[in-house]
1. Are there any pairs, at least 6 apart or on different chains, whose C-beta atoms fall under 6 Å, with the first in region 80-98 and under 13 Å from Val62 (Cα atoms) and the second basic (Lys, Arg), and if so, which?
2. Would you point out which residue out of Gly55, Gly65 is farther than 18 Å from Lys83 by Cβ and modelled with pLDDT of 65 or more?
3. Name the residues in region 7-51 that are in a loop (DSSP other than H, G, I, E, B), of a type in the set (D, E, K, R) and either in contact with a Cys (Cβ under 9 Å, 6 or more places away or on another chain) or at pLDDT 90 or above (or both), would you?
Amino acid sequence: MAKCNIKPLGDRVLLEIKENAEEMKGGILIPDSAKEKPQEYTVIALGTGKIDDNGKKIPFDVKVGDVVLTSRYGGTEVKVGDKEYKVVGQDDILAIVG
């Protein structure tokens, strides 16, 4: 798991794109811009948490290290060095894998 200096706020979650080994078939190289965006990510950091109307902190449904699926176009993509991350609200996480 990568270490990153980004700390999400509120109910946001910092995700790292889960690398999937791609095989070239037929000798055709597909440029990155034409590839589908992956929807599977590893949770890197959790925000400070959301507070309900009564002032109680709402716990996160995910934890650091979980592999999750997100909505395809939700969140904000961030690049730090050569690593790509995505910051999403907890509501944009659809499921925990495995």
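The values are calculated or read from the model by the stated rules, or taken from the named source; none is laboratory data. None of the values given here were measured: they were computed from a predicted structure. Note: ideal-geometry Cβ built from the backbone for every residue, glycine included; neighbour counts use all protein chains shown.
1. From region 80-98, the pairs are Gly89/Arg12.
2. Matching residue, one of Gly55, Gly65: Gly55.
3. Residues satisfying the conditions are Lys7, Asp11.
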